Amino acid sequence: MYKYFVFIIFVLGCSSDSTNSNNSNTIEELQKAAMKQYMDSPVLALPMMEKLANLYAENKDFIGASGTYYNMATIYETTLDEKNKAILYGNKSLETAKLAKDDAQQAKLLQYVGYLKGQTGNSKDGKKDIVDAVMKYKSLNDENGVATSQFNLARVFYIEGALDESAHFLNKALSHYRNIKDDENIFYNNLFAISLYSKMQQTEKLQAAINENKSLIPSIKYEGYHKLEFERLLKEYDQ
């Protein structure tokens, strides 16, 4: 799904030290310039964003650095389809999140990078990262984070052909979303379920996923990827 780009603004505390003052000005100016360039072209903003992330790190604003590296990773993934570069900057984001001792950010990055690793053929490390994300989310009592990670784990198992394991983790994620009546995520997870059950030749479960999604259309934002992908699947299965 499309990831919206968010800049994290860093403001240094007041100081009589001229070096700190100059750094603050440099960061704020670069942040504004990078945002302006991003609005015109995310790809052309990447060099400025890297400078910005490095400045954040130099000034020990590891939260700002982690957020900026993550934004770079999503541009490489979604705009350029360069998943190895996305993994590189996802890992930089993870390392700075560790320095910030930000467990929630670490969990988000572990499941994000883990899925990217699965997509690029490194499913063993990818699954390990996602399992680590599940454990972190559980320690934070973040059930939505656990479900997101379980869904990504299902997709990595699917990529490597372990379909029973994929179905197991998909059902865990869907069970959570049904319990909290999160129709958007039920619909999104079912798009994957349709492909999975088709591959498993489980026609009853495939039809159940299609029927559930049809029933959810009035309660969700039925547009963009959701609409295009579901209609493609309906056409594929003569629905």
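Where a number appears in this text, it was derived from the coordinates with a stated rule and is not lab data. Source: prediction; values computed, not measured. A quick note on method: Cβ atoms are made from the backbone with ideal geometry, for glycine too, and the neighbour counts reach across all protein chains shown.
Values as computed for the structure displayed
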{"item": "Among (i) 1.15; (ii) 1.39; (iii) 0.95, the entry that matches Cα Rg over 2.2 N^0.38 Å as calculated here", "result": "(i)"}
{"item": "Members of K172/K214; K92/K127; K117/K138; K92/K227 lying beyond 28 Å, as alpha-carbon distances in this model show", "result": "K92/K227"}
{"item": "Protection-proxy order for peptides 34-43, 205-214, each taking the mean of Cβ atoms within 10 Å per residue, highest first", "result": "205-214, 34-43"}
{"item": "Gain in span if fully extended, E223 to Q201, counting 0.36 nm per residue against the direct Cα distance", "result": "5.1 nm"}
